[in-house]
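The values are calculated or read from the model by the stated rules, or taken from the named source; none is laboratory data. Everything quoted here is computed from the prediction, not taken from an experiment. Because the Cβ atoms are built from the backbone with ideal geometry, glycine has one as well, and the counts that use them run over all protein chains shown. With ligands, DNA and RNA removed, areas are computed over all heavy atoms of the protein, side chains included. Shrake-Rupley method; radii C 1.70, N 1.55, O 1.52, S 1.80 Å.
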Amino acid sequence: AAARGPARRLAEDAAKKRLAAQLPALPLADGGKLETRLGDPAVKAAVDRAVANALAVTAELETDGSWKVTMAVPVEAIRQALAGSARVLGADPDAGPAVVIVDNAAAKPAVGYKLGALAAATVFVKDVPAWAKGAPRLKAKGSKAGVIDVAPGRATEATLFVIVGKP
């Protein structure tokens, strides 16, 4: 029983190493992979912080006393590692909607899309989740070079854009 805590920490550390090894293959919205940006010391440090703060999604104690864990790094942490946090201190958080649904986007899931000129958090889904059902909707006109062609209206960099792909 005394070894359970250290065994879990070791399992989490091993999972973080495997996660860090997979992140360079993450596709970027403007083309290429994350590995091309890891040469920038600021980006590398921010990605390393994101991995160090990875979340334990599942943790299962095995019969031999070892742990099986699944770790995750939020995609938004990687986006902010690349672009920096766009949130401005003192900005009015109620200036725009918290969530906007973007329908008919022909964009492949990747990190770092802009919605028009706005760099904000995005999540790609097949169907609109229940928690976003009442959110305002926009229709994408297309996507190219890391930009989804849509007029974001009152949305701000604090808005989460839920991208629903073409059926």
Provide the per-residue ³J(HN,Hα) series for segment 3-18, in order, calculated from phi with Karplus coefficients 6.51, -1.76, 1.60 and θ = phi - 60°, each as a whole number of Hz, with x at glycine and proline positions.
-> 8, 4, x, x, 5, 5, 4, 5, 5, 5, 4, 5, 5, 5, 5, 5
Option label - semi-axes √(5λ) of the Cα gyration tensor in Å computed here, alternatives [x] 37, 18, 14; [y] 22, 21, 16; [z] 33, 19, 16 = [z]
Relative contact order, percent, the chain [alpha-carbon distance under 8 Å, six or more residues apart] = 24 percent
Multiply the residue separation of ARG154 and ALA3 by 0.36 nm, subtract the distance between their alpha-carbon atoms, and state the gained length in nm to one decimal.
-> 49.1 nm
With every protein chain left in place, what is the accessible area per residue of the chain in square angstrom, probe 1.4 Å?
-> 59 Å²
Take the solvent-accessible surface of the protein heavy atoms, probe 1.4 Å, and return the percent of it on segment 5-145 that carbon and sulfur atoms account for.
-> 57 percent
Could you compute the FRET efficiency for GLN22 and ALA106, with r as their C-beta to C-beta distance and R0 at 22 Å, rounded to 0.05?
-> 0.25
Say each of THR63 and ALA130 gets a label point 7 Å from the Cα, pointing the same way as Cα to Cβ; how far apart are those two points in nm?
-> 3.6 nm
What are the ³J(HN,Hα) values, in whole Hz, obtained from phi via the Karplus relation 6.51 cos²θ - 1.76 cosθ + 1.60 with θ = phi - 60°, for each residue of segment 51-63 in sequence order, with x given for Gly and Pro?
-> 5, 4, 9, 3, 9, 7, 7, 9, 8, 10, 7, 8, 5
Post the alpha-carbon centroid distance, segment 65-84 to segment 135-167, in whole angstrom.
-> 24 Å
Can you list the HN-Hα couplings for segment 113-129, worked out from phi with the Karplus curve (6.51, -1.76, 1.60; θ = phi - 60°), rounded to whole Hz and with x for Gly and Pro?
-> 5, 9, 9, x, 9, 8, 8, 8, 5, 10, 9, 9, 9, 8, 10, 5, x
Have a look at ARG154, ARG137, ARG37 and tell me which one the Gaussian network model of the chain (Cα, springs below 10 Å) gives the largest fluctuation.
-> ARG154
